[in-house]
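Undergrad: This structure is in structure tokens; I'll ask about it shortly.
The values are calculated or read from the model by the stated rules, or taken from the named source; none is laboratory data. These figures come from a predicted structure and were not determined experimentally. As a convention, Cβ positions derive from the backbone with ideal geometry for all residues, glycine included, and neighbour counts pool all protein chains shown. Ligands, DNA and RNA are excluded from the accessible area calculation, which covers all protein heavy atoms including side chains. Shrake-Rupley method; radii C 1.70, N 1.55, O 1.52, S 1.80 Å.
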Amino acid sequence: MSQSHPPMADELSPLMQQYHQLKQRYPGAILFFRVGDFYEMFDDDAVKGAQLLNIALTSRDKHKANPTPLCGVPAVAATGYIAKLIRAGQPVAICEQVEPHPGQTGLMAREVVRVITPGTILEPELLDPKQSTYVAALAQTGQSIGPITGIAWADLSTGQGWLSTTQSGRPQEAVAELLRRWSAKEIALPQHLIQQSSWQQALMEFRIVGRPPAEFDPENGRRQLLRHFRVESLAAWGGADEPAALGALGALLHYLEETQKQALPHLRAFRFHRPEHYMAIDPATQQHLELTERSSPAGHSRKESSATGSLLHAIDRTATAMGGRLLREWLLHPLLDPAQINERLDRVEAFCADEERRSSVRSALEPIGDLERIIGRISLNAATARDLIQLKHSIDQIPVIWKSLSEGESLLIELVAGWDELADLAQWIDAALVEAPPLALKEGGLIKPGYHAELDELREIGRDGKQWIARMEGEERQKTSIESLKIRYNQLFGYFIEVTKPNLPKVPPHYHRKQTMVNAERFITPELKALEAKVLGAEERSCRLEYELYEDLRAKVAAQAPRVQAMAERIARIDVLAALAESAALGRYQRPVVSDSLTIRITGGRHPVVEQALGPNRFVPNDLLLNDTDQRLIVITGPNMAGKSTYLRQAAHIVIMAQMGGFVPAQSAEIGVVDGIFTRIGATDDLVGGRSTFMVEMDETATILHRATPRSLVLLDEVGRGTSTYDGVSIAWAVAEHLHRAIGARTLFATHYHELTELSRQHEGIKAFHVSVREWNDEIIFLRTIVEGISDRSYGIQVARLAGLPDSVIATAKQVLARLESQAPPVSPSGDTVPNPQQPDLFEDSPLKQLAEELAALDPNNMTPMQALEKLINLVTLCRVLITQPGR
Ligand code: ADP
Ligand code: MG
């Protein structure tokens with residue numbers, strides 16, 4: 001950011017001097033400078049702010065030679081503007097007036113109370129309830145023997161924190177993968193690392209903050225930790241012996257305290273995360289498989305992605321925000337240990353078997369608020385009374401869940417064994433707060449009557465004040481025998497006694513004259529003023545007292561944060577297990593058999609997302625067998641649109657769903673644990689800006705060849721497509737051979753290069769499969785079934801026609817193809833289809849022939865390509881029914 005030089009101090013008004021002093025300390029943030037009811041921005045901040053927020057830019061001191069650019073937003077509406085800036089990656093420093101009245105200089109005291117950055121948001125309206133927001137820090141030690149990289153990350157809104165280390169020779173990759181999977185937004189690096197382009201490149205998608213190297217010092221980290229967790233030693237704490245992790249953690253705590261300007265008591269003991277205990281899913285794979293986000297269609301920018309259409313969206317039946325976040329964590333961190341996986345599966349199965357209990361637990365979970373974030377706001381003093389009320393209502397649900405589960409089978413009882421009902425917290429809140437408190441904390445109306453004697457009295461005075469005045473009026477009339485005497489009120493004098501002119505002689509001497517009117521005179525008495533002070537002061541004092549009582553309650557509840565956090569975690573787990581059971585029931589998923597073998601055997605597997613999009617019974621199930629002997633690598637051919645990519649992704653989805661502990665969309669599935677999924681999609685399918693697409697493809701392929709093991713599942717989709725045919729075939733061939741021979745990873749290789757099927761003849765362990773299609777009267781029928789053997793041709797022209805290319809173009813294409821085919825026989829050493837023994841010939845069967853003729857008779861000019869596809873899919877499904885049930 002270009003920082004223009006502040007003008008000389010003596011040219012500036014005191015206000016602007018104060019502004020520049022504060023601004024200097026926050027060069028990277030836009031300073032929201034509170035002036036009355038507005039937040040003002042000045043200078044460069046104003047220019048940038050006006051542009052990003054689309055608000056008017058004006059200037060201060062217009063008459064001067066160098067007017068200061070200025071813009072502002074109303075404080076009441078600030079959240080929306082802050083959200084906009086944060087979304088644009090722009091941190092905001094919030095500067096408040098910290099004292100109610102101006103000091104001697106006539107200037108309000110001002111202070112920056114918080115810096116909001118993309119990774120440190122607390123405002124519920126700016127956060128996605130079902131996604132965590134992590135901020136991280138990274139430190140390196142031991143440069144001489146190959147660096148150890150330590151990394152710490154925390155979600156300020158929930159108080160969750162993690163630590164990890166990596167000794168990978170490519171730490172940039174390891175760190176990027178880790179941050180991506182934890183959906184971090186921001187990372188603090190020591191200044192010198194920022195300058196290295198390898199780190200810049202790898203961490204491009206996160207906001208990078210440079211910090212002084214001293215903050216990353218492990219000793220400093222150790223001290224910070226002892227102070228933060230108020231312990232004497234770190235002996236009981238895993239990872240304490242790892243200086244790199246300590247350095248990262250120290251820097252993270254430092255950064256958080258600096259942005260929050262307060263201690264962060266709710267940050268729980270950081271847990272040690274070991275990436276090697278989870279399936280490796282690198283960022284490219286996470287994206288290709290559309291696990292949590294759907295990639296935008298080709299041609300759109302990468303940022304335009306959405307949750308709908310992702311695997312997470314398809315299986316997310318969680319009832320609470322905490323459950324939603326945990327499900328996402330499980331999905332992106334599938335387990336490797338069959339025992340752990342089966343422990344989850346056992347419970348999902350128990351929920352599957354007991355539909356009634358599942359539904360009662362799910363409805364008890366529904367009203368539970370976001371306990372983790374509510375207690376986070378309570379701890380950080382950012383809560384409203386409504387947060388406390390929501391906490392109370394959520395706690396009220398705990399016994400309901402307990403009752404339901406404790407009557408279930410033993411696996412479910414364990415979920416609630418020995419848990420904390422938090423009833424004391426609910427009682428405190430219930431005793432103190434009214435059921436529907438206002439948002440404002442300092443305007444009263446929060447505390448229940450009967451909670452505090454002094455408050456009740458003040459409120460009574462406020463309420464009864466009018467009656468007391470009326471009573472005094474009566475008494476004064478009697479004493480003075482002035483019938484028309486009135487006690488009245490105005491802004492200027494407060495309460496006063498009014499006596500009309502004719503009655504003035506009766507006014508007693510202790511009445512003190514205040515004002516003379518045309519027909520009357522106004523008086524006050526010490527007695528009246530004392531009453532007035534009581535009545536008028538009561539409301540102000542009762543508001544203040546209410547706020548104090550609220551504060552006491554808040555602090556008392558905040559002190560119990562660890563208990564609430566522990567329960568939130570247990571509830572999230574129950575929510576996820578019940579949700580996995582629910583989606584299994586809805587999707588007719590089956591429990592997978594998970595073991596240590598190297599076999600993946602899926603019968604009747606379906607793609608969980610495509611299946612939902614197509615609707616019931618439209619998706620054609622397929623089998624898959626991969627092992628470490630005769631079927632380790634499968635080359636799959638078939639025309640465009642046949643279903644190759646779908647088949648590949650479906651295999652990955654099923655493996656991930658199984659290893660996260662869920663049921664899978666298949667008739668049966670045997671999953672020999674996969675330690676990593678690596679996916680590459682050919683260049684033309686994947687538009688990524690910047691580098692040449694072919695370069696990206698090769699780069700990503702290189703990563704696979706470095707990282708895959710015999711336990712991995714590798715999915716290669718049209719690799720080699722980004723270059724000329726011969727190049728492409730050669731590269732694809734070499735990659736496949738390497739994977740097979742040198743690595744031995746279980747691999748699915750979808751390609752339209754028929755040449756590659758030759759591999760199956762040369763290597764034991766490589767098989768050729770294809771997606772079956774039929775041609776009828778120059779139309780193509782997709783059968784969506786994967787069968788062993790090699791497909792005969794690629795049907796490109798038929799697919800082009802389906803997509804609505806003009807007839808003349810199709811006709812020309814056919815001529816060219818005919819000419820090419822007659823001139824040069826296909827490179828492929830084999831053009832023939834290996835017949836599939838289980839598949840009857842469709843066209844000997846008369847009902848099928850009828851269907852095919854019906855298809856051929858359809859008029860393509862009267863249909864959109866989508867309608868045509870739809871028709872095709874219907875017919876294909878019918879065909880399948882006839883094939884699998886020949887009697888009909
Ligand atoms: P390819 O990679 O062979 O070009 P895709 O896998 O992209 O083909 O599939 C194209 C479309 O076909 C998908 O979008 C999906 O709608 C449909 N499809 C794929 N597989 C199946 C299936 N098994 N059953 C029903 N429809 C399918
Ligand atoms: Mg494809």
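Undergrad: Within region 714-739, count every residue that is open to solvent by 10 Å² or more (accessible area, probe 1.4 Å) and part of a helix (DSSP H, G or I).
TA: Residues meeting the conditions: 11.
Undergrad: To continue, here is another question. Under 7 Å between Cβ atoms, which residue pairs at least 6 apart in sequence (or on different chains) link something in region 169-187 that is of a type in the set (Gly, Ala, Ser) with a partner that is in a helix (DSSP H, G or I)?
TA: ALA176/ALA202; ALA176/PRO283
Undergrad: In addition: What's the number of the only condition in (1) open to solvent by 40 Å² or more (accessible area, probe 1.4 Å); (2) away from ligand 2 (no atom under 16 Å from the Cβ); (3) part of a loop (DSSP other than H, G, I, E, B) that ARG563 fails to meet?
TA: (3)
Undergrad: Exactly one of these conditions fails for ALA652: (1) open to solvent by less than 10 Å² (accessible area, probe 1.4 Å); (2) more than 12 Å from ligand 2 (Cβ to nearest atom); (3) modelled with pLDDT under 95. Give me its number.
TA: The single condition ALA652 does not satisfy is (3).
Undergrad: Let me ask something else about it. Just one of ASP575, ASP596, ASP623 is on the phi < 0 side of the Ramachandran plot and under 24 Å from the mean Cα position of the chain (by Cα); which is it?
TA: Within the list ASP575, ASP596, ASP623, the selection yields ASP575.
Undergrad: List pairs: first residue in region 741-767 and under 14 Å from LYS644 (Cα atoms) and within 16 Å of ligand 1 (Cβ to nearest atom), second residue open to solvent by 10 Å² or more (accessible area, probe 1.4 Å) and of a type in the set (Ser, Thr, Tyr) anywhere in the structure, Cβ distance under 6 angstrom, at least six positions apart or on different chains.
TA: Filtered contacts from region 741-767: HIS752/SER794; HIS754/SER828.
Undergrad: Let me ask something additional. For region 458-489, enumerate the residues that are exposed (fewer than 13 other Cβ atoms within 10 Å of the Cβ) and of a type in the set (Asp, Glu).
TA: GLU475, GLU483
Undergrad: Something else about it: Among SER183, SER168, SER157, SER132, which is the only one that is small (Gly, Ala, Ser) and more than 25 Å from GLN200 (Cα to Cα)?
TA: That would be SER157, the only listed residue that is small (Gly, Ala, Ser) and more than 25 Å from GLN200 (Cα to Cα).
Undergrad: When you look at ASP675, is it closer than 19 Å to PRO592 by Cβ and modelled with pLDDT under 95, yes or no?
TA: It is false that ASP675 is closer than 19 Å to PRO592 by Cβ and modelled with pLDDT under 95.
Undergrad: So the check is Cβ under 6 Å with 6+ separation or different chains; which pairs have a first residue in region 472-488 that's part of a helix (DSSP H, G or I) and a second one that's surrounded by fewer than 17 Cβ atoms within 10 Å (Cβ to Cβ)?
TA: Once the first residue is part of a helix (DSSP H, G or I) and sits in region 472-488, its partners that are surrounded by fewer than 17 Cβ atoms within 10 Å (Cβ to Cβ) give THR480/LYS506.
Undergrad: Would you confirm, using the coordinates I've provided, whether THR516 is among the hydroxyl-bearing types (Ser, Thr, Tyr) and out of contact with any helix residue (DSSP H, G or I) (no Cβ under 9 Å at 6 or more places or on another chain)?
TA: So THR516 passes the test.
Undergrad: Here is a follow-up. For ILE461, state whether it is assigned to a helix (DSSP H, G or I) and under 30 Å from ASP552 (Cβ atoms).
TA: Here the answer is yes, as ILE461 does meet what is asked.
Undergrad: Next question, about the same structure. Within region 315-331, track down each residue that is in a helix (DSSP H, G or I), open to solvent by 10 Å² or more (accessible area, probe 1.4 Å) and either under 24 Å from PRO275 (Cβ atoms) or among the charged types (D, E, K, R) (or both).
TA: Answer for region 315-331, where residues must be in a helix (DSSP H, G or I), open to solvent by 10 Å² or more (accessible area, probe 1.4 Å) and either under 24 Å from PRO275 (Cβ atoms) or among the charged types (D, E, K, R) (or both): ARG325, LEU326, ARG328, GLU329, TRP330.
Undergrad: Do the conditions hold for LEU687, that is, is it closer than 22 Å to GLN201 by Cα and either open to solvent by 40 Å² or more (accessible area, probe 1.4 Å) or at pLDDT 90 or above (or both)? Break it down stepwise before answering.
TA: On the way: closer than 22 Å to GLN201 by Cα: yes; either open to solvent by 40 Å² or more (accessible area, probe 1.4 Å) or at pLDDT 90 or above (or both): yes.
So LEU687 passes the test.
Undergrad: Are any residues in region 629-640 open to solvent by 10 Å² or more (accessible area, probe 1.4 Å), more than 8 Å from ligand 2 (Cβ to nearest atom) and at pLDDT below 90, and if so, which ones?
TA: Once the filter is applied, which keeps residues that are open to solvent by 10 Å² or more (accessible area, probe 1.4 Å), more than 8 Å from ligand 2 (Cβ to nearest atom) and at pLDDT below 90, region 629-640 yields nothing.
Undergrad: Is one or more of the residues making up region 93-103 in a loop (DSSP other than H, G, I, E, B) and open to solvent by less than 60 Å² (accessible area, probe 1.4 Å)?
TA: At the first step, the residues of region 93-103 found to be in a loop (DSSP other than H, G, I, E, B) are 98-103.
Within this subset, residues satisfying the condition of being open to solvent by less than 60 Å² (accessible area, probe 1.4 Å) are 103.
Yes - at least one qualifying residue is present in region 93-103.
Undergrad: Would you say LEU553 is outside any loop (DSSP other than H, G, I, E, B), among the aliphatic types (A, V, I, L, M), closer than 30 Å to ILE378 by Cβ and in contact (Cβ under 8 Å) with a residue 60 or more places away in the chain?
TA: Judged against the criteria, LEU553 is a match.
Undergrad: I want to confirm something. Restricting to region 25-72 and keeping residues that are of a type in the set (A, V, I, L, M) and under 28 Å from the mean Cα position of the chain (by Cα), which single residue is surrounded by the fewest Cβ atoms within 10 Å (Cβ to Cβ)? Walk me through how you get there before you give the answer.
TA: So in region 25-72, the residues of a type in the set (A, V, I, L, M) come out as 29-31, 35, 41, 46-47, 50, 52-53, 55-57, 65, 70.
Filter once more, keeping what is under 28 Å from the mean Cα position of the chain (by Cα): 29-31, 52-53.
On the way: ALA29: 21, ILE30: 25, LEU31: 25, LEU52: 16, LEU53: 19.
Checked region 25-72; the qualifying residue surrounded by the fewest Cβ atoms within 10 Å (Cβ to Cβ) is LEU52.
Undergrad: Same structure again: Of the conditions (1) over 25 Å from the mean Cα position of the chain (by Cα); (2) closer than 26 Å to HIS738 by Cβ; (3) away from ligand 1 (no atom under 16 Å from the Cβ), PHE678 clears all except one; give me its number.
TA: If we test PHE678 against (1) over 25 Å from the mean Cα position of the chain (by Cα); (2) closer than 26 Å to HIS738 by Cβ; (3) away from ligand 1 (no atom under 16 Å from the Cβ), just (1) comes out false.
Undergrad: Strands (runs of 3 or more DSSP E) wholly in region 156-231 with at least 1 residues that are at pLDDT 90 or above, surrounded by fewer than 17 Cβ atoms within 10 Å (Cβ to Cβ) and not aromatic (Phe, Trp, Tyr) - which ones?
TA: Passing ranges, in order: 207-211.
Undergrad: Further question: Considering only residues that are assigned to a loop (DSSP other than H, G, I, E, B) and either modelled with pLDDT of 85 or more or of a type outside the set (D, E, K, R) (or both), which ones fall in region 751-789?
TA: Residues satisfying the conditions are THR751, HIS752, TYR753, HIS763, GLU764, ASN777, GLY789.
Undergrad: Exactly one condition in (1) at pLDDT below 90; (2) closer than 17 Å to THR525 by Cα is false for MET472; which is it?
TA: Only one criterion is unmet by MET472, namely (1).
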